[in-house]
Amino acid sequence: MGDMANNSVAYSGVKNAVKEANHGDFGVTLAELRSLMELRAADALHKIQECYGDVHGICTKLKTSPNEGLSGNPADIERREAVFGKNFIPPKKPKTFLQLVWEALQDVTLIILEIAAVVSLGLSFYQPPGGNESLCGSVNVGEEEDESETGWIEGAAILLSVVCVVLVTAFNDWSKEKQFRGLQSRIEQEQKFTVIRGGQVIQIPVADIIVGDIAQVKYGDLLPADGVLIQGNDLKIDESSLTGESDHVKKSLDRDPMLLSGTHVMEGSGRMVVTAVGVNSQTGIIFTLLGAGGDEEEKEKEKEKKDKKSRHNHLGFLGREG
(Lines give C-alpha, C1' and ligand atoms only; values in the text may rest on other atoms or scores of the structure.)
Protein backbone atom coordinates (compact mmCIF):
# COMPACT_ATOMS: atom_id res chain seq x y z
CA MET A 1 0.00 0.00 0.00
CA GLY A 2 2.90 2.30 0.85
CA ASP A 3 4.43 1.73 -2.61
CA MET A 4 1.10 2.44 -4.28
CA ALA A 5 0.75 5.66 -2.29
CA ASN A 6 4.28 6.70 -3.23
CA ASN A 7 3.60 5.96 -6.90
CA SER A 8 0.35 7.93 -6.70
CA VAL A 9 2.15 10.90 -5.15
CA ALA A 10 4.92 10.67 -7.76
CA TYR A 11 2.40 10.47 -10.62
CA SER A 12 0.52 13.44 -9.17
CA GLY A 13 3.79 15.35 -9.00
CA VAL A 14 4.57 14.58 -12.64
CA LYS A 15 1.04 15.57 -13.69
CA ASN A 16 1.26 18.85 -11.79
CA ALA A 17 4.69 19.55 -13.29
CA VAL A 18 3.34 18.98 -16.80
CA LYS A 19 0.32 21.16 -16.05
CA GLU A 20 2.58 23.90 -14.65
CA ALA A 21 4.80 23.71 -17.71
CA ASN A 22 1.78 24.10 -19.98
CA HIS A 23 0.38 27.03 -17.98
CA GLY A 24 3.76 28.68 -17.40
CA ASP A 25 2.51 29.85 -13.91
CA PHE A 26 -0.47 31.56 -15.57
CA GLY A 27 -4.12 30.89 -14.78
CA VAL A 28 -5.02 30.23 -18.40
CA THR A 29 -3.48 28.11 -21.15
CA LEU A 30 -2.69 28.95 -24.75
CA ALA A 31 -5.35 26.51 -25.98
CA GLU A 32 -8.01 28.16 -23.79
CA LEU A 33 -7.16 31.60 -25.14
CA ARG A 34 -7.24 30.36 -28.74
CA SER A 35 -10.66 28.78 -28.25
CA LEU A 36 -11.92 31.99 -26.60
CA MET A 37 -10.82 34.16 -29.54
CA GLU A 38 -12.72 31.93 -31.97
CA LEU A 39 -16.01 33.02 -30.37
CA ARG A 40 -17.97 36.13 -31.28
CA ALA A 41 -20.45 38.54 -29.66
CA ALA A 42 -22.90 36.78 -27.27
CA ASP A 43 -21.01 33.47 -27.32
CA ALA A 44 -17.77 35.22 -26.36
CA LEU A 45 -19.49 37.19 -23.57
CA HIS A 46 -21.03 34.01 -22.16
CA LYS A 47 -17.65 32.24 -22.24
CA ILE A 48 -15.90 35.16 -20.51
CA GLN A 49 -18.56 35.38 -17.79
CA GLU A 50 -18.56 31.61 -17.25
CA CYS A 51 -14.79 31.09 -17.09
CA TYR A 52 -13.31 34.44 -16.03
CA GLY A 53 -16.12 36.59 -14.64
CA ASP A 54 -15.20 39.57 -16.79
CA VAL A 55 -12.27 40.99 -18.74
CA HIS A 56 -10.56 41.93 -15.47
CA GLY A 57 -10.61 38.24 -14.59
CA ILE A 58 -8.67 37.54 -17.79
CA CYS A 59 -6.15 40.21 -16.80
CA THR A 60 -5.80 38.61 -13.37
CA LYS A 61 -5.12 35.17 -14.84
CA LEU A 62 -2.60 36.70 -17.28
CA LYS A 63 -0.97 38.57 -14.35
CA THR A 64 -1.31 41.98 -15.88
CA SER A 65 -2.87 45.24 -14.71
CA PRO A 66 -5.66 46.82 -16.80
CA ASN A 67 -4.29 50.28 -15.93
CA GLU A 68 -0.56 49.77 -15.39
CA GLY A 69 0.03 47.04 -17.97
CA LEU A 70 2.99 44.69 -17.74
CA SER A 71 6.09 45.58 -15.78
CA GLY A 72 8.35 45.21 -18.80
CA ASN A 73 10.70 42.89 -16.90
CA PRO A 74 12.85 41.04 -19.52
CA ALA A 75 12.47 37.74 -17.61
CA ASP A 76 8.67 38.09 -17.59
CA ILE A 77 8.63 38.97 -21.30
CA GLU A 78 10.80 35.95 -22.14
CA ARG A 79 8.57 33.67 -20.08
CA ARG A 80 5.42 34.92 -21.81
CA GLU A 81 6.98 34.45 -25.24
CA ALA A 82 7.92 30.88 -24.30
CA VAL A 83 4.38 30.06 -23.14
CA PHE A 84 2.19 32.05 -25.56
CA GLY A 85 4.54 32.58 -28.51
CA LYS A 86 5.97 35.64 -30.24
CA ASN A 87 4.08 38.11 -32.38
CA PHE A 88 5.66 36.87 -35.57
CA ILE A 89 4.18 34.86 -38.41
CA PRO A 90 6.89 32.94 -40.29
CA PRO A 91 6.61 33.73 -44.00
CA LYS A 92 5.79 31.05 -46.49
CA LYS A 93 8.88 29.25 -47.71
CA PRO A 94 10.08 31.04 -50.86
CA LYS A 95 10.09 29.17 -54.15
CA THR A 96 13.44 28.18 -55.57
CA PHE A 97 14.62 29.35 -58.98
CA LEU A 98 14.09 25.84 -60.39
CA GLN A 99 10.48 25.83 -59.14
CA LEU A 100 9.88 29.17 -60.85
CA VAL A 101 11.41 27.75 -64.06
CA TRP A 102 9.06 24.78 -63.86
CA GLU A 103 6.05 27.09 -63.37
CA ALA A 104 7.11 29.18 -66.37
CA LEU A 105 7.26 26.03 -68.49
CA GLN A 106 3.56 25.37 -67.80
CA ASP A 107 2.50 28.18 -70.16
CA VAL A 108 0.33 26.78 -72.99
CA THR A 109 2.07 28.81 -75.72
CA LEU A 110 5.49 27.60 -74.63
CA ILE A 111 4.28 24.00 -74.53
CA ILE A 112 3.07 24.30 -78.14
CA LEU A 113 6.42 25.79 -79.16
CA GLU A 114 8.29 22.99 -77.38
CA ILE A 115 6.26 20.34 -79.22
CA ALA A 116 6.85 22.13 -82.55
CA ALA A 117 10.58 22.30 -81.88
CA VAL A 118 10.79 18.60 -81.04
CA VAL A 119 8.81 17.66 -84.16
CA SER A 120 10.98 19.90 -86.32
CA LEU A 121 14.18 18.40 -84.94
CA GLY A 122 12.85 14.89 -85.38
CA LEU A 123 11.95 15.50 -89.03
CA SER A 124 15.31 17.15 -89.77
CA PHE A 125 17.20 14.00 -88.70
CA TYR A 126 14.78 11.53 -90.25
CA GLN A 127 15.89 9.98 -93.56
CA PRO A 128 13.16 7.94 -95.29
CA PRO A 129 14.41 4.75 -97.01
CA GLY A 130 14.88 5.14 -100.77
CA GLY A 131 14.27 8.84 -100.53
CA ASN A 132 16.97 9.77 -103.07
CA GLU A 133 15.44 7.62 -105.80
CA SER A 134 11.98 9.16 -105.40
CA LEU A 135 13.21 12.71 -105.76
CA CYS A 136 12.24 14.78 -108.78
CA GLY A 137 14.91 15.22 -111.40
CA SER A 138 14.93 18.96 -110.87
CA VAL A 139 16.36 18.64 -107.36
CA ASN A 140 20.06 17.86 -107.04
CA VAL A 141 21.41 15.46 -104.46
CA GLY A 142 23.80 18.13 -103.20
CA GLU A 143 20.95 20.52 -102.50
CA GLU A 144 19.12 17.81 -100.57
CA GLU A 145 22.18 17.14 -98.44
CA ASP A 146 22.54 20.85 -97.68
CA GLU A 147 18.90 21.04 -96.59
CA SER A 148 19.25 17.97 -94.37
CA GLU A 149 22.36 19.38 -92.74
CA THR A 150 20.73 22.74 -91.92
CA GLY A 151 17.19 21.51 -91.22
CA TRP A 152 17.85 21.18 -87.48
CA ILE A 153 18.51 24.93 -87.13
CA GLU A 154 14.80 25.82 -87.18
CA GLY A 155 13.93 23.44 -84.32
CA ALA A 156 17.00 24.48 -82.33
CA ALA A 157 16.08 28.15 -82.75
CA ILE A 158 12.58 27.49 -81.39
CA LEU A 159 14.00 25.63 -78.39
CA LEU A 160 16.53 28.40 -77.74
CA SER A 161 13.77 31.04 -77.79
CA VAL A 162 11.70 28.96 -75.34
CA VAL A 163 14.70 28.64 -72.98
CA CYS A 164 15.30 32.40 -73.11
CA VAL A 165 11.66 33.21 -72.37
CA VAL A 166 11.53 30.73 -69.47
CA LEU A 167 14.76 31.99 -67.89
CA VAL A 168 13.74 35.64 -68.19
CA THR A 169 10.27 34.95 -66.74
CA ALA A 170 11.68 32.92 -63.83
CA PHE A 171 14.33 35.55 -63.06
CA ASN A 172 11.74 38.35 -63.05
CA ASP A 173 9.46 36.38 -60.69
CA TRP A 174 12.39 35.57 -58.42
CA SER A 175 13.58 39.19 -58.23
CA LYS A 176 10.04 40.49 -57.60
CA GLU A 177 9.49 37.97 -54.80
CA LYS A 178 12.83 38.92 -53.25
CA GLN A 179 11.98 42.64 -53.36
CA PHE A 180 8.51 42.00 -51.92
CA ARG A 181 9.91 40.00 -48.99
CA GLY A 182 12.48 42.72 -48.30
CA LEU A 183 9.79 45.41 -48.32
CA GLN A 184 7.52 43.32 -46.09
CA SER A 185 10.35 42.72 -43.62
CA ARG A 186 11.19 46.43 -43.50
CA ILE A 187 7.55 47.38 -42.91
CA GLU A 188 7.26 44.83 -40.07
CA GLN A 189 10.40 46.15 -38.42
CA GLU A 190 9.38 49.81 -38.70
CA GLN A 191 5.71 49.40 -37.68
CA LYS A 192 5.07 50.30 -34.05
CA PHE A 193 2.08 50.10 -31.72
CA THR A 194 1.10 51.86 -28.49
CA VAL A 195 1.06 49.80 -25.28
CA ILE A 196 1.09 50.50 -21.55
CA ARG A 197 4.02 49.07 -19.61
CA GLY A 198 4.92 50.00 -16.08
CA GLY A 199 2.16 52.62 -16.08
CA GLN A 200 3.74 54.48 -19.02
CA VAL A 201 2.38 54.78 -22.53
CA ILE A 202 5.12 53.73 -24.95
CA GLN A 203 5.45 52.66 -28.55
CA ILE A 204 7.11 49.33 -29.29
CA PRO A 205 7.68 47.33 -32.50
CA VAL A 206 4.73 45.14 -33.39
CA ALA A 207 6.93 42.04 -33.13
CA ASP A 208 7.60 42.84 -29.42
CA ILE A 209 3.92 42.73 -28.40
CA ILE A 210 3.21 39.81 -26.06
CA VAL A 211 0.18 38.21 -24.44
CA GLY A 212 -0.81 40.27 -21.41
CA ASP A 213 0.12 43.63 -22.91
CA ILE A 214 -2.42 46.42 -22.52
CA ALA A 215 -2.64 48.00 -25.97
CA GLN A 216 -4.25 51.32 -26.85
CA VAL A 217 -6.26 51.31 -30.07
CA LYS A 218 -7.43 54.36 -31.98
CA TYR A 219 -8.82 55.45 -35.32
CA GLY A 220 -6.67 54.28 -38.24
CA ASP A 221 -4.86 51.47 -36.42
CA LEU A 222 -4.34 48.04 -37.93
CA LEU A 223 -4.61 45.67 -34.99
CA PRO A 224 -1.43 43.57 -34.72
CA ALA A 225 -2.79 40.95 -32.29
CA ASP A 226 -6.01 39.48 -30.87
CA GLY A 227 -7.39 40.96 -27.68
CA VAL A 228 -10.39 41.57 -25.43
CA LEU A 229 -11.71 45.09 -24.99
CA ILE A 230 -11.19 46.63 -21.56
CA GLN A 231 -12.54 50.10 -22.26
CA GLY A 232 -13.91 51.62 -25.48
CA ASN A 233 -15.28 54.91 -26.78
CA ASP A 234 -17.62 54.50 -29.79
CA LEU A 235 -15.25 51.88 -31.19
CA LYS A 236 -16.06 50.52 -34.64
CA ILE A 237 -13.94 47.94 -36.45
CA ASP A 238 -13.72 46.94 -40.11
CA GLU A 239 -13.50 43.11 -40.05
CA SER A 240 -13.92 42.63 -43.81
CA SER A 241 -10.38 41.25 -44.11
CA LEU A 242 -11.44 38.26 -41.95
CA THR A 243 -15.19 37.89 -42.45
CA GLY A 244 -15.77 39.57 -45.82
CA GLU A 245 -18.55 41.73 -44.35
CA SER A 246 -18.27 45.39 -45.32
CA ASP A 247 -20.36 46.73 -42.40
CA HIS A 248 -18.38 48.18 -39.50
CA VAL A 249 -18.76 46.21 -36.27
CA LYS A 250 -19.45 48.17 -33.08
CA LYS A 251 -17.33 46.95 -30.16
CA SER A 252 -18.37 47.34 -26.53
CA LEU A 253 -17.99 45.51 -23.24
CA ASP A 254 -21.65 44.43 -23.15
CA ARG A 255 -22.08 43.46 -26.85
CA ASP A 256 -18.90 42.28 -28.56
CA PRO A 257 -15.54 42.86 -26.83
CA MET A 258 -13.46 40.64 -29.16
CA LEU A 259 -10.81 42.49 -31.19
CA LEU A 260 -9.03 40.52 -33.92
CA SER A 261 -5.66 40.97 -35.57
CA GLY A 262 -5.62 42.18 -39.16
CA THR A 263 -8.73 44.35 -38.69
CA HIS A 264 -8.87 48.16 -38.98
CA VAL A 265 -10.14 50.65 -36.40
CA MET A 266 -12.57 52.91 -38.29
CA GLU A 267 -13.98 54.98 -35.42
CA GLY A 268 -13.35 55.66 -31.75
CA SER A 269 -10.64 54.46 -29.40
CA GLY A 270 -10.10 52.10 -26.49
CA ARG A 271 -7.84 49.71 -24.62
CA MET A 272 -7.52 45.94 -24.94
CA VAL A 273 -5.65 43.15 -23.24
CA VAL A 274 -3.69 41.10 -25.76
CA THR A 275 -4.73 37.43 -25.65
CA ALA A 276 -3.16 35.90 -28.79
CA VAL A 277 -0.18 36.80 -30.96
CA GLY A 278 1.64 35.46 -34.00
CA VAL A 279 0.52 32.11 -35.36
CA ASN A 280 -1.99 31.78 -32.51
CA SER A 281 -3.93 34.90 -33.52
CA GLN A 282 -6.82 34.73 -35.97
CA THR A 283 -4.69 36.18 -38.78
CA GLY A 284 -1.88 33.78 -37.91
CA ILE A 285 -4.25 30.80 -38.03
CA ILE A 286 -5.46 31.84 -41.50
CA PHE A 287 -1.90 32.34 -42.76
CA THR A 288 -0.94 28.93 -41.37
CA LEU A 289 -3.84 27.30 -43.24
CA LEU A 290 -2.65 29.04 -46.41
CA GLY A 291 0.81 27.56 -46.03
CA ALA A 292 2.72 30.13 -44.01
CA GLY A 293 4.32 29.06 -40.76
CA GLY A 294 4.52 25.41 -41.81
CA ASP A 295 8.00 25.03 -40.35
CA GLU A 296 6.80 26.52 -37.07
CA GLU A 297 3.93 24.02 -36.85
CA GLU A 298 6.26 21.11 -37.54
CA LYS A 299 8.54 22.28 -34.72
CA GLU A 300 5.58 22.52 -32.35
CA LYS A 301 4.41 19.00 -33.27
CA GLU A 302 7.91 17.59 -32.78
CA LYS A 303 8.11 19.35 -29.42
CA GLU A 304 4.75 17.89 -28.34
CA LYS A 305 5.86 14.39 -29.40
CA LYS A 306 9.07 14.74 -27.40
CA ASP A 307 7.15 15.97 -24.33
CA LYS A 308 4.71 13.03 -24.55
CA LYS A 309 7.56 10.57 -25.00
CA SER A 310 9.44 11.97 -22.00
CA ARG A 311 6.26 11.81 -19.87
CA HIS A 312 5.62 8.18 -20.89
CA ASN A 313 9.24 7.26 -20.13
CA HIS A 314 9.04 8.94 -16.72
CA LEU A 315 5.78 7.22 -15.83
CA GLY A 316 7.19 3.89 -16.99
CA PHE A 317 10.22 4.43 -14.78
CA LEU A 318 7.98 5.17 -11.81
CA GLY A 319 5.98 2.01 -12.54
CA ARG A 320 9.15 -0.13 -12.55
CA GLU A 321 10.22 1.42 -9.25
CA GLY A 322 6.83 0.49 -7.76
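The values are calculated or read from the model by the stated rules, or taken from the named source; none is laboratory data. Bear in mind the structure is a predicted one, so any value in this text is a computation, not a measurement. Every residue, glycine among them, receives a Cβ derived from its backbone with ideal geometry; neighbour counts consider all protein chains shown. Protein only, heavy atoms only, side chains kept; ligands, DNA and RNA dropped before computing areas. Shrake-Rupley method; radii C 1.70, N 1.55, O 1.52, S 1.80 Å.
Size descriptors for the stretch 230-297, from the alpha-carbon set: Rg then Dmax equal 13.3, 40 Å.
Ranked by accessible surface with a 1.4 Å probe, highest first, in what order do 219, 52 come?
Result, largest first: 219, 52.
The Cα trace of the stretch 26-88 gives Rg and Dmax of 12.7, 37 Å, the first to one decimal, the second as a whole number.
If you sort 26, 287 by accessible surface, 1.4 Å probe, largest first, the order is 287, 26.
Amide hydrogen proximity for residue 88: with H placed 1.01 Å from N in the peptide plane, the residues at 5 or more positions away or on another chain lying under 5 Å are 278, 279. Taking only the C-alpha atoms of the stretch 69-109, Rg followed by Dmax gives 21.0, 62 Å. Given a 1.4 Å probe and the protein chains as shown, residue 109 ends up with an accessible area of around 90 Å². If R0 is 25 Å, the Cβ-Cβ spacing of residue 41 and residue 63 corresponds to a FRET efficiency of close to 0.35. Within the full protein context, the accessible area of residue 178 is estimated at about 130 Å² for a probe radius of 1.4 Å. Checked against a 26 Å cut-off, the cross-linked pairs 176/218; 61/86; 63/250 give Cα-Cα distances beyond that limit for 176/218; 63/250.
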